[in-house]
Amino acid sequence: MKSFIVIGAGKFGHYFCKFLSREDVEIMIVDGDEEKLSDMLSYVSSAKVGDCTRRDVVKGLGVEDFDEAVVCVPESFQNSLQIVDLLKEFGAKNVTAVASTEIQAKFLLKNGADHIIFPDRDMSERLAVAIANDSIFDFLKLSEDHAIYEIIPPKRWITQSILAVDVRRRHNVNIIAVKTPEGRLFLPGPDYVFNGEDHLIVFGKDKDIEKLT
């Protein structure tokens, strides 16, 4: 079972633990405010009150025993820097930190963070893309120019099969799943016929998928 230590029980930390608890993992949450921890006990394996900008507090957490450490204190960049530094000092294996800007990310990485997440930026981008294009319902960036999109099939594909459209060769896009109106996902074969009700889960370069939508 994978184990996580999450520093910070603010809004992001709260939702992160809530969704993470749906997986088969062990979670310890730490925050300096005991009140913030009270409604998180149903999501986590353990909760501790402590100021993780202090060396003695971090030293006593046994951070080296966790598979992942996640620093969720975007409201205080200075505290994030201190916590990341202390986690690495006391042997944390993998540290992910929340950042608001590229500059913050740069310094967090220099302080030892292994991964950076930008929740505000990423959610804003997803919302902007989805509401600006009626053919796109969601997407997940995987790199600077590649992503997974949920789209409706182009009208010119309707009643044709994947094989007939020759999606991968002609459009440089891979269909990785089909989502039915009921929310069921399945892997389509080459004889799958496109219709106007199903959504397509596709992977490819942003520019190629934009051409389709």
| request: Take the residues in region 121-132 that are loosely packed, with under 15 Cβ neighbours inside 10 Å and in contact with a strand residue (DSSP E or B) (Cβ under 9 Å, 6 or more places away or on another chain), then tell me which one is modelled with the highest pLDDT. | output: 122
| remark: Counting only residues in region 62-94 that are surrounded by 22 or more Cβ atoms within 10 Å (Cβ to Cβ) and over 13 Å from residue 8 (Cβ atoms), the one farthest from the chain's Cα centre (by Cα) is identified as 86
| said: Name the single residue that is modelled with the highest pLDDT among those in region 146-193 being within 27 Å of residue 127 (Cβ to Cβ) and among the aromatic types (Phe, Trp, Tyr). | reply: 157
| message | Just the residues that are in contact (Cβ under 8 Å) with a residue 60 or more places away in the chain and exposed (fewer than 11 other Cβ atoms within 10 Å of the Cβ), please, taken from region 165-213. | response | 207
| Count of residues meeting criterion [within 31 Å of the chain's Cα centre (by Cα), among the β-branched types (Val, Ile, Thr) and on the phi > 0 side of the Ramachandran plot] in region 157-196 | 0
| message | Among the numbered criteria (1) farther than 30 Å from residue 88 by Cα; (2) modelled with pLDDT of 85 or more, which one does residue 115 miss? | response | (1)
| field | Residues within region 58-97 that are without any contact (Cβ under 8 Å) to a residue 60 or more places away in the chain, closer than 23 Å to residue 120 by Cβ and outside any helix (DSSP H, G or I), tallied | value | 5
| Taking the condition free of Cβ contacts under 8 Å to residues at least 60 places away in the same chain, over 21 Å from residue 63 (Cα atoms), assigned by TED's automatic domain parsing to the domain that holds residue 53 and of a type in the set (Ser, Thr, Tyr), does residue 101 pass? | yes
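The values are calculated or read from the model by the stated rules, or taken from the named source; none is laboratory data. As the structure is a computational prediction, the values presented were derived from the model and not from experiment. Glycine gets a Cβ as well: all are built from the backbone with ideal geometry, and neighbour counts include every protein chain shown.
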